[in-house]
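Chemist: Handing you a structure now.
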Amino acid sequence: MTKNSKKQIDFSAIAPVYDLLGALFFGGKLHNSQLENLKNIPSKFKHILVIGGGTGKFLKELVASKQFEKLTYIDISPKMIDLAKSKVPDTKNIDFIVGDETTIPDHSFDLIVTHYFLDCFDQTEFEKIADLLLSQLCAGGYWSMVDFYIHPKSTWIRKVFVRFLYKFFKLTCRLETKELPDFDLWFSKNLILKKDVSSCKKLLKSSVYQKSS
Ligand SMILES: C[S@@+](CC[C@H](N)C(=O)[O-])C[C@H]1O[C@@H](n2cnc3c(N)ncnc32)[C@H](O)[C@@H]1O
């Protein structure tokens, strides 16, 4: 058992159709926004952490394009973990963990991947989890961050769309979060921005950060 209040979140019900829903709502842009960061990180890592990794669609690409000694893949949904396992041909260097931020093994990582994961939390929870992840990122390590983004000057349509997404995830996955945390504020304070690419009319942001050495 994990100690986290977010334990009630359960993406298992939508796990089998998660990628299909993403394609229907965003026509491949969600996946492409994640692939974008693969171009902007090194090709070799010692120990990668992917948290809130979901169905493993991105994991498949990560494994195919990068070398690593070990990869830890954590998701709170057992169904998501099963799907992710089925996506990779060879799982011998990969530890799949059904768990959350409280069950991250006590290692340091040279790449941390949070894609459409940190939006599951309110500002306080996000900062707590981000602080924890940062403490396990080694000096000079990379952080691949992809998520929704509401620019202060964004049109109301985008804000309404994000609210609609939160309502959808509340109904289907019991997600209680109502609005996006201010990711930029925390990341700009704690890490060095290496590359920032927006897509889908600036609704999606793919960022690569590095911890100072
Ligand atoms: C919106 S989905 C994103 C999945 C994937 N990263 C992607 O972009 O397709 C969020 C994922 O985070 C997982 N999740 C939510 N809260 C979690 C937590 N506290 N610890 C680990 N995983 C969590 C969910 O089960 C779900 O698979």
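What follows draws every value from the coordinates through simple rules; no lab data is involved. Values in this document were obtained by computation on a predicted structure and should not be read as measured data. Using ideal geometry, Cβ is built from the backbone for each residue, glycine included, and neighbour counts are taken over all protein chains shown.
Chemist: Inspect the stretch 145-164 for any residue being of a type outside the set (Val, Ile, Thr), within 16 Å of the ligand (Cβ to nearest atom), in a strand (DSSP E or B) and touching a strand residue (DSSP E or B) at 6+ places or on another chain (Cβ under 6 Å) and give the result as yes or no.
Modeler: Within the stretch 145-164 (the criterion being of a type outside the set (Val, Ile, Thr), within 16 Å of the ligand (Cβ to nearest atom), in a strand (DSSP E or B) and touching a strand residue (DSSP E or B) at 6+ places or on another chain (Cβ under 6 Å)), the answer is yes, since at least one residue qualifies.
Chemist: Picking from Leu49, Leu59, Leu71, which residue would you name as being in contact with a Ser or Thr (Cβ under 8 Å, 6 or more places away or on another chain), among the hydrophobic types (A, V, I, L, M, F, W, C) and at negative phi?
Modeler: When all the criteria are applied, what remains is Leu49.
Chemist: For the list (1) under 22 Å from Val197 (Cα atoms); (2) away from the ligand (no atom under 12 Å from the Cβ); (3) of a type outside the set (A, V, I, L, M, F, W, C), I need the number of the one condition that Pro89 fails.
Modeler: That leaves (1) as the condition not met.
Chemist: Further, regarding this structure: Mind checking whether some residue in the stretch 44-56 is surrounded by fewer than 21 Cβ atoms within 10 Å (Cβ to Cβ) and free of Cβ contacts under 8 Å to residues at least 12 places away in the same chain?
Modeler: no
Chemist: Let me ask something else. So which residues in the stretch 75-86 are closer than 25 Å to Ser108 by Cβ and either more than 12 Å from the ligand (Cβ to nearest atom) or of a type in the set (Gly, Ala, Ser) (or both), if there are any at all?
Modeler: Ala84, Lys85
Chemist: Between Leu134, Leu118, which is touching a residue at least 24 places away in the same chain (Cβ under 8 Å) and under 23 Å from Lys29 (Cβ atoms)?
Modeler: Leu118
Chemist: Kindly list, by first and then second residue, each pair from a residue in the stretch 69-92 that is of a type in the set (A, V, I, L, M) to a residue that is outside any helix (DSSP H, G or I) and away from the ligand (no atom under 15 Å from the Cβ), limited to pairs with Cβ atoms under 8 Å and residues at least 6 apart or on different chains.
Modeler: Every condition considered, the pairs that remain are Leu71/His47; Leu71/Asn93; Leu71/Ile94; Val88/Ile94.
Chemist: Find the residue count for the stretch 165-205, including only residues that are over 30 Å from Ser12 (Cα atoms) and either within 14 Å of the ligand (Cβ to nearest atom) or in a helix (DSSP H, G or I) (or both).
Modeler: 4
Chemist: Considering only residues that are of a type in the set (D, E, K, R) and touching a residue at least 60 places away in the same chain (Cβ under 8 Å), which ones fall in the stretch 141-175?
Modeler: Result: Arg174, single match.
Chemist: Separate question: Does the stretch 93-108 contain at least one residue that is over 24 Å from Ile41 (Cβ atoms), in a strand (DSSP E or B), in contact with a strand residue (DSSP E or B) (Cβ under 8 Å, 6 or more places away or on another chain) and of a type outside the set (Gly, Ala, Ser)?
Modeler: yes
Chemist: Right, another one. Has the stretch 65-76 got at least one residue that is in contact with a strand residue (DSSP E or B) (Cβ under 8 Å, 6 or more places away or on another chain), loosely packed, with under 14 Cβ neighbours inside 10 Å and of a type in the set (S, T, N, Q)?
Modeler: Yes.
Chemist: Condition (residue is basic (Lys, Arg) and either under 14 Å from the mean Cα position of the chain (by Cα) or outside any helix (DSSP H, G or I) (or both)) applied to the stretch 114-135: is it met by at least one residue?
Modeler: no
Chemist: Name the residue, out of Thr102, Thr124, that is surrounded by fewer than 19 Cβ atoms within 10 Å (Cβ to Cβ) and near the ligand (Cβ under 9 Å from one of its atoms).
Modeler: Unique residue meeting the criteria: Thr102.
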